[in-house]
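See structure below.
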Amino acid sequence: MNIEATAQLAQLDLTAEEAAALRRDLEAILDYVGQLNRIDTAGVEPMAQAIVAATPLREDTARAGFTQAEALANAPEAAHGMFAVPKILERG
């Protein structure tokens, strides 16, 4: 495993100690993946997620929303029937 070439591709400046530590970490990861590859999964059905969770869905129907007055009722400040917010852009 050429850590230096990989680090160069990733535009990383690694010290010799960092490269050695990274080499050990990557070797440990690859060893673990090798262990996983040796597990017999012949009878295991492929799955997209570990926990099967149903997403509760509601019927997609139109329903009444807030009126303009209701939407602006709790606004800290309103002007001309709209939310008033502080100006964030300045002309320069």
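No value in this document is a laboratory result; all are computed from the given coordinates. The shown structure was predicted, so the numbers you read here are calculated from the model rather than taken from an experiment. Neighbour counts are summed over all protein chains in view; Cβ atoms, including those assigned to glycine, are modelled from backbone coordinates with ideal geometry.
For residue 78, list long-range residues whose amide hydrogen, built 1.01 Å from N in the peptide plane, is under 5 Å from its own amide hydrogen.
84
Of the chymotrypsin sites (Phe, Trp or Tyr not before Pro) in the chain, which ones lie in a loop per DSSP and count no more than 15 other C-beta atoms within 10 Å?
Hits after loop and neighbour filter: 66.
Could you give the semi-axes, largest first, of the ellipsoid that matches the chain, computed as the square roots of 5 times the alpha carbon gyration tensor eigenvalues and rounded to whole Å?
55, 33, 10
Where in the chain lies the longest segment free of GluC sites (Glu not before Pro) that are both loop residues by DSSP (not H, G, I, E, B) and have at most 10 other Cβ atoms within 10 Å?
Between the exposed loop sites, the longest stretch runs 1-58.
At a Förster radius of 22 Å, what calculated FRET efficiency corresponds to the Cβ-Cβ distance of residue 58 and residue 80, to the nearest 0.05?
FRET efficiency, residue 58 to residue 80: 0.05.
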